[in-house]
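Notes follow the structure.
The values are calculated or read from the model by the stated rules, or taken from the named source; none is laboratory data. These numbers were taken from a predicted model, which means no experiment stands behind them. Neighbour counts run over all protein chains shown; Cβ positions are idealised from the backbone, glycine included. Just the protein is used for accessible areas: all its heavy atoms, side chains included, with ligands, DNA and RNA removed. Shrake-Rupley method; radii C 1.70, N 1.55, O 1.52, S 1.80 Å.
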Amino acid sequence: MLNSKEVEKIKQLLSVKKKIVITTHHNPDGDAMGSSLGLYQYLKQKKQQVTVVTPNVWPSFLDWMPGADHCISADQHLKKASRLIQEAEIIFCLDYNSTKRTNDLSEVIQAAPGFKIMIDHHIQPESFADIIYSDITASSTCEMIYEFIQMLDNQVNISSDCADCLYSGIMTDTGSFKYNSTTSKTHQVAADLINQGARNSFIHQKIFDTNTYERMRLLGFCLSEKLTLLNDYHTAFIALTAQELESFHHRKGDTEGIVNYALSIGEVNFSAIFIERDNEIKISFRSKGSFDVNTFARQHFSGGGHKNAAGGKGADNMDETIMKFIQILPQYKQALSVNE
Ligand code: 5GP
Ligand code: MN
């Protein structure tokens, strides 16, 4: 929770019209876009001058989100994005704990004179913001935005567009209310959002039931040809080269969630997907139970995230990355065999 002094400071800042920019992390996911656009809708209702700036473009299954068509993606409009951040009086930093997570925008955000407010649920937030609202027990940044609005207004009275955005991020970051970050409060907030007009079934369809034929074929290929099971370590992984992605006419977001299929095998406690993209190896890690993939990603793959879902970057090429991964596993043999 923010303390009362911080809440008063934010209320005072928002009491007159300000130039506000909302930023989020590179490769924005449902929670990044949901929290940014949810807050955008709320601040628009309060007659603020507000823009959402993303480091790069979001996957197309989020295009329907109310306000997405007004977002500025820095990979397409770097000059405009940088100018907006430099000129902003308030900069919100949502769903990230380190400016490094904004890639090309990192230096601009750090150097910008605006008042910075971080709202985030990742472990070990860095102290670059003027006010830090961090809650690592929160299911999602969207759940925190709902609470943030509650702190400012006492009674939450938001538009159905805002409710749609916040519901989306809670739904995606909890794996549809499945992960152990899902609490009774998460369900209460979700219920409140439905009462405020969030279209829960419509959102589910827009996000999960809009696969392309090519994406389904890529998933089939991953599961039948690329899935490696390391029984001794209760581990499964998938590695995809740029060429393989190309052969399935890969589009942004197509690989999202594939790592969860590997984890869904009964005896698997740890899964990874290695993806060769933009001349680097992007990794996603997932785990069940006590195995901490945030620490694993931080220690070995310059990454981080949460206990059961984290990401990182690989070594120079795919072969080296996989070799490194396999060589590390023996030191975790004991931890990987526990499934509670
Ligand atoms: P995903 O595997 O879906 O990309 O990310 C899972 C979680 O780990 C997300 O919460 C994401 O923010 C975090 N994450 C992904 N990649 C990185 C990374 O390179 N560094 C850090 N610190 N966190 C990451
Ligand atoms: Mn999140």
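Return the only residue of R83, R101 being in the same structural domain as S134 (by TED's automatic domain parsing), within 14 Å of ligand 2 (Cβ to nearest atom) and open to solvent by 20 Å² or more (accessible area, probe 1.4 Å). Among R83, R101, only R101 is in the same structural domain as S134 (by TED's automatic domain parsing), within 14 Å of ligand 2 (Cβ to nearest atom) and open to solvent by 20 Å² or more (accessible area, probe 1.4 Å). Entry remark, region 296-340: residues being open to solvent by less than 90 Å² (accessible area, probe 1.4 Å), more than 19 Å from N269 (Cα to Cα), in a helix (DSSP H, G or I) and among the aliphatic types (A, V, I, L, M) number 1 in total. Checking each residue in region 220-258 for being closer than 30 Å to Q334 by Cβ and either without any contact (Cβ under 8 Å) to a residue 24 or more places away in the chain or among the β-branched types (V, I, T) (or both) picks out K226, T228, T235, I238, G257, I258.
Taking region 111-128 as the search range and keeping residues that are part of a loop (DSSP other than H, G, I, E, B) and within 16 Å of ligand 1 (Cβ to nearest atom), which one is least open to solvent (accessible area, probe 1.4 Å)? Reasoning before the result, please.
Taking region 111-128 first, the residues part of a loop (DSSP other than H, G, I, E, B) are 112-114, 121-128.
From the residues that got through so far, the ones that are within 16 Å of ligand 1 (Cβ to nearest atom) too are 121-128.
Numbers: H121: 5, H122: 26, I123: 42, Q124: 108, P125: 51, E126: 81, S127: 106, F128: 47 Å².
Among residues in region 111-128 that are part of a loop (DSSP other than H, G, I, E, B) and within 16 Å of ligand 1 (Cβ to nearest atom), the one least open to solvent (accessible area, probe 1.4 Å) is H121.
Mind checking whether some residue in region 263-272 is within 22 Å of I207 (Cα to Cα), without any contact (Cβ under 8 Å) to a residue 60 or more places away in the chain and away from ligand 1 (no atom under 12 Å from the Cβ)?
For region 263-272, residues within 22 Å of I207 (Cα to Cα), without any contact (Cβ under 8 Å) to a residue 60 or more places away in the chain and away from ligand 1 (no atom under 12 Å from the Cβ): present.
All told, V108 falls short of being modelled with pLDDT of 95 or more, in a strand (DSSP E or B) and in contact with a Ser or Thr (Cβ under 6 Å, 6 or more places away or on another chain). Counting only residues that are assigned to a loop (DSSP other than H, G, I, E, B) and out of contact with any Cys (no Cβ under 8 Å at 6 or more places or on another chain), region 188-216 holds 7 of them. T210 meets the stated requirement of being closer than 23 Å to T172 by Cα, surrounded by fewer than 19 Cβ atoms within 10 Å (Cβ to Cβ) and in contact with a helix residue (DSSP H, G or I) (Cβ under 6 Å, 6 or more places away or on another chain).
I want to confirm something. Restricting to region 136-165 and keeping residues that are within 19 Å of I91 (Cα to Cα) and within 16 Å of ligand 2 (Cβ to nearest atom), which single residue is most open to solvent (accessible area, probe 1.4 Å)? For region 136-165, the residue satisfying everything is E147.
Tell me, which strands (runs of 3 or more DSSP E) lie completely within region 218-295 with 3 or more residues that are among the charged types (D, E, K, R)?
On the way: elements: 227-230, 235-240, 270-277, 280-287.
Fully inside region 218-295 and qualifying: 280-287.
In the set (1) open to solvent by 40 Å² or more (accessible area, probe 1.4 Å); (2) not in a loop (DSSP other than H, G, I, E, B), the condition left unmet by V16 is number (2).
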